[in-house]
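Remarks on the structure that follows.
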Amino acid sequence: MGEKEKNFSDRMELRHIIRNISHTDRMHHCCIEKRVQQLGIHRSQHMILMYLAHNEQVPSQKDLAKVFHVSTAAMANTVKSLEKSGYICRVTDETDTRKNIINITEKGRSIVEISKNEFDAVDKEMFKGVTKEQLKVFCEVLDICKGNLQELAGGEAEEQILKCERMEQK
């Protein structure tokens, strides 16, 4: 095999790996989505419940709209639906009556706990048959790739990546 063919083969192998990572991520996302839907709530509602459960500072409705990059009207609809279902309660801010403070209820916390268990089950099933050593090597390779991409993306893009990671962890 000549140098040109080897370079082409190497590029195709890297593209195949990248497609597999991307495809695996989408499949994982679909499995999680399916589990969340079985809980009887929409994705956006679930994301808000997860956010509320994992943040000590109780946000206002306006704060939530900013965090999730949606209009205050869209957030109002989602909050109304969550409140109607008993997952959250709105309380008027004592210092500013124009603000609604959003609190997660026990029913909302229960959904969050159930969904965590569902996520863990999907993750466990995804890595079934993979040894700890294989996972260690896989994580090391991903960390190297991630570092390379962060360096390539530069400061502004890197901040956006970190912001996305923080949202995913919640």
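Observations on the structure shown:
- With at most 10 neighbouring Cβ atoms within 10 Å, loop GluC sites (Glu not before Pro) (DSSP) excluded, longest segment of the chain: 95-170
- Violating pairs (Cα-Cα greater than 22 angstrom) within the set Lys80/Lys107; Lys34/Lys132; Lys107/Lys128: Lys34/Lys132; Lys107/Lys128
- Alpha carbon convex hull of the stretch 1-89, volume per residue in cubic angstrom: 135
- Note on Ala153 and Thr97: with the Förster distance fixed at 41 Å, the Cβ-Cβ geometry gives a FRET efficiency of about 0.40.
- Positive-end residue of Ser115, Ile104, Met50, charge dipole of the stretch 48-154 with Cβ unit charges: Ile104
- For the stretch 17-110, accessible area per residue (1.4 Å probe, heavy atoms of protein chains only), Å²: 66
- Summarising the amide proton neighbourhood of Asn55: residues at separation of 5 or more, or on other chains, whose placed amide H is nearer than 5 Å comprise an empty set.
- Against the compact-protein benchmark of 2.2 N^0.38 Å, the Cα-based radius of gyration of the chain scales to 1.34.
- Average Cα contact separation per residue, the chain, under 8 Å, 6 or more apart, as relative contact order %: 19
- Using a Förster distance of 30 Å, the FRET efficiency for Ser44-Ile17 (Cβ separation, nearest 0.05): 0.40
- Over all Cα atoms in the stretch 88-149, the spread is summed up by Rg and Dmax: 20.6, 56 Å.
- Expressed as a whole percent, the accessible surface of the stretch 9-128 that belongs to carbon and sulfur atoms is 52, based on a 1.4 Å probe.
- Here the 3J(HN,Hα) profile of the stretch 16-29, calculated from phi with Karplus coefficients 6.51, -1.76 and 1.60 at θ = phi - 60°, is 4, 4, 4, 4, 5, 4, 4, 5, 4, 4, 5, 5, 4, 4 Hz, Gly and Pro shown as x.
The values are calculated or read from the model by the stated rules, or taken from the named source; none is laboratory data. It should be emphasised that the depicted structure is a prediction, and the values quoted were computed from it without experimental measurement. Here Cβ is always computed from backbone atoms with ideal geometry, including for glycine, and neighbour counts include all displayed protein chains. For the accessible areas, the whole protein counts, side chains as well, though only heavy atoms, and no ligand, DNA or RNA atoms are used. Shrake-Rupley method; radii C 1.70, N 1.55, O 1.52, S 1.80 Å.
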